[in-house]
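The values are calculated or read from the model by the stated rules, or taken from the named source; none is laboratory data. What you see is a predicted model, and the numbers here were worked out from it, not measured in a lab. Here the Cβ positions follow ideal geometry from the backbone for every residue, glycine too, while neighbour counts run over all protein chains shown. Protein only, heavy atoms only, side chains kept; ligands, DNA and RNA dropped before computing areas. Shrake-Rupley method; radii C 1.70, N 1.55, O 1.52, S 1.80 Å.
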Amino acid sequence: MPRIAEVIAVGTELLLGGTANTDAQDISQGLSELGIHCYYHTTVGDNPGRLREALRIAASRADILITTGGLGPTYDDLTKQTVCEFFGRGLVPHRPTWERIEAYFRRIGAPPTENNRQQALLPEDCVIFENDWGTAPGCAFRAGDTHILMLPGPPRECRAMFRGCAMPYLSSLRSGALVSRVVRVFGLGESRVETLLRERMENARNPTIAPYAREGECFLRVTASAETEAEARALTDPVVAELCRVLHPYVYGVDVDSLENVVFSLLEGHKKTLAAAESCTGGMIAARLTALPGVSRVFRGGVVAYDNRAKHGLLGVPEDILHRHGAVSGPVAEAMARGVCERTGASLGLAVTGLAGPDGDGSDTPVGTVFLALFDAEDGTLNCVRKSLGDERHRVRSAAAGHALNMVRRHFSEKG
């Protein structure tokens, strides 16, 4: 029988929306790597009664319970006490843990407070997960057929402890392997992708196919289970190949991190450099690229030319083109792409100009209109496209940056 896990995140701040529950995401990714199914995520506030009810429900449908949060020193950090009470496990002082807490406070030059002592109380006969990233240790114990793991809430601590301590503990419990592959798509909405693939998704059993939408793009997760990782991966291969065939040329990668990573790899592989001239995106293209380590090998830089004077002065866009066609136009985008190439010496010049809204510019151009241009300085080719990206300002800007990066990707694809 496959192992079933449930993640219970404890913290009122999660329910109030002030803190994103990234712990559940990190843990689920790790469980998937181990071949352990996670069917439910539960979030509960700092309330012992509601936490006991969450534990009762989780224990009825999962044999691995993983809690996050509520292990700190304050009055509302009640996870350990409540979990141990529910499973009939006593809490006992653990001297080595208290010594580690004292050493931690010595390093930061502050004395521990009396309430820090509750962090050194741990369940009887538990496996202790030492915390090298904070003060609250984690732990694991078994109650009947159920394994209970408690991890700290701060994402930095939780992620490191789960990877370094909990995953080795869980690896001995797993049965079989679970492999997920991701086919990433840009330029097709989730509804269109589902229409193209509905019959395949409905009939898929092992592997399964699940579509997900994310800002400006969507992806398909192909998940297979088998006795070994190699066998599970082999089950995914023909399905991934078929999805790529059906969705060509909108697939920008399989098992890749992002569109900008793909663009980086293509530029490096083709020994090309890129520069960006941005108006409505305000540097979003450059920000996505410069977040990648080593991208300076291919990215020459970017120019944010928002005002017409900047377009003329920084990029050399002729004033008569600006007056005749307006800032949001194909000719201006083309001139920006040429200009940023000339000024940086890049192989490729990428430009975007648009009307992000919510207000118009007094012309007949609808809000959400964006022009994208790509100039190849080596062969002189110039491509310009117009997009209509809606009327919500952030979405228009974000989608425009994505379309611009995808334009670079398609440039290499069309050149073979």
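Please report how far the C-alpha centroid of the stretch 66-134 lies from that of the stretch 272-290, rounded to the nearest whole angstrom.
Spelled out, the Cα-based centre of one part sits 47 Å from the other.
Scan [x] 1.00; [y] 1.45; [z] 1.23 for the value of Cα Rg over 2.2 N^0.38 Å calculated from this model and give just the label.
[z]
Name the GluC sites (Glu not before Pro) in the stretch 119-200 that are in a loop by DSSP and that have at most 12 other C-beta atoms within 10 Å, would you? Intermediate values should be presented prior to the final figure.
Values: sites: Glu124, Glu130, Glu157, Glu190, Glu194, Glu199; in loops: Glu124, Glu130.
Within the stretch 119-200, the qualifying GluC sites (Glu not before Pro) (loop, at most 12 other Cβ atoms within 10 Å) are Glu124.
How much length is gained on full extension from Asp132 to Ile57, taking 0.36 nm per residue of separation minus their Cα-Cα distance?
On the way: separation 75, 0.36 × 75 = 27.00 nm, distance 3.22 nm.
Length difference between fully extended and current span is 23.8 nm.
So, in nm, how far is label Asp320 from label Gln29 when the simple model puts each one 7 Å beyond its Cα toward the Cβ?
Calculated label separation equals 5.4 nm.
Over the chain, what is the percentage of antiparallel beta bridges among all DSSP beta bridges, to the nearest 5? Kindly include the intermediate steps, with their values, before the conclusion.
Values: 45 of 72 bridges.
Around 60 percent antiparallel, to the nearest 5.
So how much slack lies between Arg309 and Asp255, counting 0.36 nm per residue of separation and subtracting their Cα-Cα distance, in nm? Display every interim value, and only then the final one.
Values: separation 54, 0.36 × 54 = 19.44 nm, distance 4.29 nm.
Roughly 15.2 nm would be gained on extension.
In whole Å, how far is the Cα centre of the stretch 310-349 from that of the stretch 15-53?
The two parts, judged by their Cα centres, are 50 Å apart.
Pairs of Cα atoms under 8 Å, at least six residues apart: use those to get the relative contact order of the chain, whole percent.
Details: 813 pairs, mean separation 44.2, N = 416.
This gives 11 percent for the chain.
What's the angle, to the nearest 10 degrees (0 to 90), between helix 190-203's Cα axis and the longest principal axis of the chain?
Orientation of helix 190-203: about 50 degrees from the principal axis.
Between Thr146 and Leu121, what is the label-to-label distance in nm when each label sits 7 Å out along the Cα-to-Cβ direction?
Inter-label distance under the simple model: 2.1 nm.
Once you mark the trypsin sites (Lys or Arg not before Pro) that are in a DSSP loop and have at most 15 other Cβ atoms within 10 Å, what is the longest gap between them in the chain?
That would be 1-204.
Roughly speaking, to the nearest percent, how much of the stretch 165-245's 1.4 Å accessible area is carbon and sulfur? Write down the numbers at each step before the final one.
Numbers: 2010 of 4240 Å².
Solvent-exposed carbon and sulfur of the stretch 165-245 make up 47 percent of the total.
What are the GluC sites (Glu not before Pro) within the stretch 309-378 that DSSP puts in a loop, where the Cβ has at most 15 other Cβ atoms within 10 Å? Don't skip to the end; give the middle numbers.
On the way: sites: Glu319, Glu334, Glu342, Glu378; in loops: Glu378.
Answer by residue number: Glu378.
Using a 1.4 angstrom probe on heavy atoms only, work out the carbon and sulfur share of the accessible area of the stretch 1-91 in %. Could the numbers behind the result be given before it?
Numbers: 2100 of 4050 Å².
The computed percentage sits at 52.
Compute the FRET efficiency between Trp98 and Tyr169 as 1/(1 + (r/R0)^6), taking r as their Cβ-Cβ distance and R0 = 25 Å, and round to the nearest 0.05.
Values: r = 23 Å, r/R0 = 0.90.
Approximately 0.65, to the nearest 0.05.
Under the rule of -39500 (n - 2.57) per DSSP H run of 4 or more residues, summed and divided by the residues of the chain, what mean residue ellipticity at 222 nm is obtained, to the nearest 500 deg cm²/dmol? Numbers along the way, then the final one.
Details: 15 runs with 169 residues, N = 416.
It lands at -12500 deg cm²/dmol.
I'd like the Karplus ³J(HN,Hα) series for the stretch 298-314: coefficients 6.51, -1.76, 1.60, θ = phi - 60°, whole numbers in Hz, and an x wherever there's a Gly or Pro.
10, 9, 6, x, x, 10, 9, 10, 7, 7, 4, 5, 6, 4, 6, x, 8
Below 24 Å, Cα to Cα, which lysines can Lys272 reach? Residues fewer than 8 away in the same chain don't count.
Lys415
Less than 10 Å Cβ to Cβ from Val239, Lys/Arg counted +1 and Asp/Glu -1: what total charge do the surrounding residues give?
Values: positive: Arg181, Arg200; negative: Asp237, Glu242.
Every neighbour counted, the sum reads 0.
Thr113 label point, 7 Å along Cα→Cβ, cut-off 20 Å on backbone N: hits in the stretch 67-107?
The answer is 69-81, 98-107, whose backbone nitrogens lie closer than 20 Å to the label point.
Obtain the nm distance between the two label points defined at Ala213 and Asp361 by a simple spin-label model: each point lies 7 Å from its Cα along the Cα-to-C-beta direction.
In this crude spin-label approximation the distance works out to 2.9 nm.
Please work out the average accessible area per residue across the chain, using the 1.4 Å probe convention, and give it in Å².
I get 47 Å² per residue for the chain.
Quick one: length gained pulling Ala230 to Glu202 fully straight, 0.36 nm per residue minus the C-alpha distance?
In short, 7.6 nm is gained.
Using only Cα atoms, find the angle between the long axis of helix 330-344 and the longest principal axis of the chain, and express it within 0 to 90 degrees, rounded to the nearest 10.
The angle comes out at about 80 degrees.
Helix 95-108 versus the longest principal axis of the chain: what is the Cα-based angle in degrees, 0 to 90, to the nearest 10?
That helix lies at roughly 40 degrees to the long axis.
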